[in-house]
Amino acid sequence: MALDNTPAQSQLGRASAYVDRYDASLLFPIARAAQREAMGISPDALPFFGADLWTAFELSWLNPRGKPQVAIAHFTVPCETPNIIESKSFKLYLNSFNSTVFADADAVRERLRADLGEAAWRGSGRSGGVGVKLISPELFDREPVHELDGLDLDRLDIECTHYQPAPELLQSDSTQPPVTETLTSRLLKSNCLVTGQPDWGSVQISYSGPPIDQAGLLGYIVSFRNHNEFHEPCAERMFWDIWRKCRPNKLSVYARYTRRGGLDINPFRTSSPRALPSNARTARQ
């Protein structure tokens, strides 16, 4: 049975009671299919692999003696899951751990893994996992801060006139020898689909194939500036437009968005199976 939750039914933009006792029902999954189909992507034949890499900076619970514990959590949600988890519901769910007793961090991790896995696969008739990794306070110093590697597109002095996705700006030169390169920009901005609040991000585009016009690519990235869409479909739209318009042999798109409500979301999409990038935050995150 397909999931029929819509963004308008979520807690986004509404006043919310902050529950501090464990409540898995707070999680609000939204089906990916509608936004993919609107882009011309078949949910049953995805043109990419990848995952959504989340980081939670506001995770706390009580130990058996009532003493608060804290951790940073990394989550890996495969892109083939039928649902995304709406971010405000994710925050409310994590807050519900605040006054709940758990035996230890392992018990917290297993609870997170079970609940998030159920929500991500709900309504599909299938089951699958969601990766969960907890970072304890003594390891916080090892959490890296690193900007995305690659040639900086923002160095280009271009005129920008498009502020809604403009794939017509994308082009490659098939008369030139193929190249392999990685290009980055810190000028990605889109808006929340429901609230219209700004979502700030950086993006890394790696490809092999005919050289892509860099000025056009930067203009295309900037063109998301007034676009209303969740993080995950923004990255998928970017992948799909570049794949169709520039025809690379291989392509990866990795977007890292600044956190809101203690959560950041970092979608990664790639044309062929490969290791996921490290979940290292940028300076703005």
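Hey, could you check the range 63-78 for residues that are assigned to a strand (DSSP E or B), touching a residue at least 40 places away in the same chain (Cβ under 8 Å) and of a type outside the set (Val, Ile, Thr) and say which is nearest to ALA34 (Cα to Cα)?
For the range 63-78, the residue satisfying everything is PRO78.
Every residue in the range 100-139 that is free of Cβ contacts under 8 Å to residues at least 40 places away in the same chain, of a type in the set (Lys, Arg) and in contact with a Leu (Cβ under 7 Å, 6 or more places away or on another chain), please.
ARG109
Scan (1) in contact with a Ser or Thr (Cβ under 9 Å, 6 or more places away or on another chain); (2) modelled with pLDDT of 95 or more for the single condition ASP20 breaks and write down its number.
(2)
When you look at ASP52, is it at pLDDT 95 or above, in contact with a strand residue (DSSP E or B) (Cβ under 6 Å, 6 or more places away or on another chain), of a type in the set (D, E, K, R) and under 20 Å from ALA114 (Cβ atoms), yes or no?
yes
Where residues in the range 246-285 are hydroxyl-bearing (Ser, Thr, Tyr) and closer than 20 Å to GLU86 by Cβ, which of them is nearest to the chain's Cα centre (by Cα)?
That would be TYR257.
Could you please tell me which pairs satisfy a Cβ distance under 9 Å, a separation of 6+ or placement on different chains, a first residue in the range 167-179 that is assigned by TED's automatic domain parsing to the domain that holds GLY209, and a second residue that is among the hydroxyl-bearing types (Ser, Thr, Tyr) and in a loop (DSSP other than H, G, I, E, B)?
Every condition considered, the pairs that remain are PRO167/SER223; LEU169/SER223.
Failed condition for THR282, given (1) of a type in the set (Ser, Thr, Tyr); (2) over 16 Å from LEU153 (Cβ atoms); (3) surrounded by fewer than 20 Cβ atoms within 10 Å (Cβ to Cβ), with all others met?
(2)
Applying the selection to the range 127-171, what residues are of a type in the set (Phe, Trp, Tyr) and under 30 Å from VAL70 (Cα atoms)?
Within the range 127-171, the first condition is being of a type in the set (Phe, Trp, Tyr), and the residues that meet it are 140, 163.
Passing the criteria: only PHE140.
Among the residues of the range 63-76, is any outside the structural domain of CYS234 (by TED's automatic domain parsing), in contact with a helix residue (DSSP H, G or I) (Cβ under 7 Å, 6 or more places away or on another chain), surrounded by 21 or more Cβ atoms within 10 Å (Cβ to Cβ) and closer than 26 Å to SER206 by Cβ?
yes
To keep it simple, each residue is scored yes or no on (1) closer than 13 Å to TYR207 by Cα; (2) basic (Lys, Arg); (3) without any contact (Cβ under 8 Å) to a residue 24 or more places away in the chain.
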{"site": "GLU236", "(1), (2), (3)": "no, no, no"}
{"site": "TRP243", "(1), (2), (3)": "yes, no, no"}
{"site": "PRO248", "(1), (2), (3)": "yes, no, no"}
{"site": "SER252", "(1), (2), (3)": "yes, no, no"}
{"site": "ALA255", "(1), (2), (3)": "no, no, no"}
{"site": "ASN266", "(1), (2), (3)": "no, no, no"}
{"site": "SER271", "(1), (2), (3)": "yes, no, no"}
{"site": "ARG284", "(1), (2), (3)": "no, yes, no"}
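I'm trying to understand the selection: among the residues of the range 79-117, which are assigned to a loop (DSSP other than H, G, I, E, B), charged (D, E, K, R) and farther than 23 Å from GLU236 by Cα?
ASP104
The values are calculated or read from the model by the stated rules, or taken from the named source; none is laboratory data. Since the model is a prediction, treat every value here as computed from it, not as a measurement. Please note: Cβ atoms are built from the backbone with ideal geometry, for glycine as well, and neighbour counts cover all protein chains shown.
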